[in-house]
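Encoded as structure tokens, the structure appears first; notes follow it.
We did not get these values from a lab; they are worked out from the coordinates using the rules stated. Every value quoted in this text rests on a predicted model; they were computed, and no experiment measured them. A quick note on method: Cβ atoms are made from the backbone with ideal geometry, for glycine too, and the neighbour counts reach across all protein chains shown.
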């Protein structure tokens, strides 16, 4: 199992950061480089516990679909999304939020398992972990930008 842990400091209220993180619209904005779109489940608004969403995006030259479920949610401190269907063996993405003195620390704990045995492990080690870390970092930069600039009002 591969684990990616990221921390992002955001000068915005915890509720704004939490809601941006579970916004379908902001997700598509933050992943526009991969042409990510909703093709099933909740298509707009804020994801709630038990919501499912199916994403379609282009990675490594191929379109892939991934169905996720919001498996846990504690407003405004944490939520978890888990893969139901997709090319990975498993994905679990935990999002944690803590606010101190007007600064929200957003923590991502992204865990996944690759299929395809040793070949999947080599691909993950050589290419995928860096690629996934970059995608998550770009997403967090978008969340930070919208939260700190006040553009969050366009989304939530």
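GNM on the chain, alpha-carbon springs under 10 angstrom: the most fluctuating residue among 126, 39, 105 is 126. Pairs of alpha carbons in the stretch 56-141 separated by more than 20 Å make up 42% of all such pairs. At an R0 of 25 angstrom, the distance between the Cβ atoms of residue 123 and residue 74 translates into a FRET efficiency of 0.15. Centre-to-centre, using Cα atoms only, the stretch 90-149 and the stretch 1-59 are separated by 11 Å.
Each Cα pair under 8 Å and six or more residues apart adds its sequence gap; the mean of these over the residue count of the stretch 16-156 is a relative contact order of 22 percent.
Each semi-axis of the equivalent ellipsoid for the chain is √(5λ) with λ an eigenvalue of the Cα gyration tensor; in descending order they amount to 25, 17, 15 Å.
Result for the chain in a Gaussian network model with C-alpha springs under 10 Å: among 101, 35, 81, the largest mean-square fluctuation is at 101.
Dividing the helix sum by the residues of the chain, where each DSSP H run of 4 or more adds -39500 (n - 2.57), gives a mean residue ellipticity at 222 nm of -8500 deg cm²/dmol. On the principal axes of its alpha-carbon atoms, the stretch 91-136 has extents of 46, 17, 11 Å, going from largest to smallest. Placing dummy labels 7 Å off each Cα toward the beta-carbon, the span from residue 101 to residue 48 is 3.7 nm.
Residues of the stretch 1-44 with amide nitrogen under 19 Å from the 7 Å Cα-to-Cβ point of residue 109? Label zone hits: 1-9, 18, 21-22.
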